[in-house]
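The values are calculated or read from the model by the stated rules, or taken from the named source; none is laboratory data. All figures in this text were calculated on a predicted structure; none of them were measured in a lab. Methodologically, a virtual Cβ is constructed for each residue, glycine included, from the backbone with ideal geometry; neighbour enumeration extends over all protein chains shown.
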Amino acid sequence: MNIKQEMKDDVLVISLSGKIIGGPELIEVKDVFKKAVEQDRLKVLLDLGKVNWMDSSGLGVIVSGHTTLSRAGGALRILNATKKIHELFIITKLITIFETYTDEQKALNSFGE
C-alpha cells in the first residue's frame, strides 16, 4: 500500500493505493489522520480510487480516522471508492456515515457547505 498526501486549498487529500489490509501499513494510515488533527488539518478527503482490496482492518482504520477527525471538529469525505469498496460500505452500513464522491471538485466543495 502507498500513501500520498497533498493540500488542495484547505483540504488534505490522502490518496491510498494497493491493498488496505492488516499490518504495519495500517498504523501509518492511522498516524496520517492523527498528524492531520495535530496540524489542524481538519478537512480530509480520502481518495480510494487506486485501492484494489480492503479487509475489515482497513475499514476499521478508516472508521477510526473518521472518529478522530470528528472529535476534533473536522470531517472526512471519501473519493473514488471502487465498486467493491462501495459495496463494502453498503453491507456494513457505513454508507450512512461516510459522504462519498466520484468527482474530486464536488468533494472539495462539500467542505465549504
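Worth a mention:
- Subset tally (residues that are in contact with a Phe, Trp or Tyr (Cβ under 9 Å, 6 or more places away or on another chain), of a type in the set (Lys, Arg) and either surrounded by 15 or more Cβ atoms within 10 Å (Cβ to Cβ) or under 23 Å from residue 8 (Cα atoms) (or both)) for the range 25-84: 2
- With respect to (1) in contact with a Leu (Cβ under 7 Å, 6 or more places away or on another chain); (2) among the polar types (S, T, N, Q); (3) closer than 19 Å to residue 28 by Cβ, the lone exception for residue 56 is condition (1).
- Helices (runs of 4 or more DSSP H) wholly inside the range 16-113 that include at least 2 residues being under 12 Å from the mean Cα position of the chain (by Cα): 24-38, 56-71
- Residue 50 being modelled with pLDDT of 95 or more and at negative phi: yes
- Flag if residue 18 is touching a strand residue (DSSP E or B) at 6+ places or on another chain (Cβ under 7 Å), of a type in the set (Gly, Ala, Ser), buried (at least 16 other Cβ atoms within 10 Å of the Cβ) and closer than 19 Å to residue 5 by Cα: no
- Close pairs from the range 23-38: first farther than 11 Å from residue 64 by Cα, partner modelled with pLDDT under 90 and buried (at least 16 other Cβ atoms within 10 Å of the Cβ), Cβ under 6 Å, at least 6 apart: 25/1
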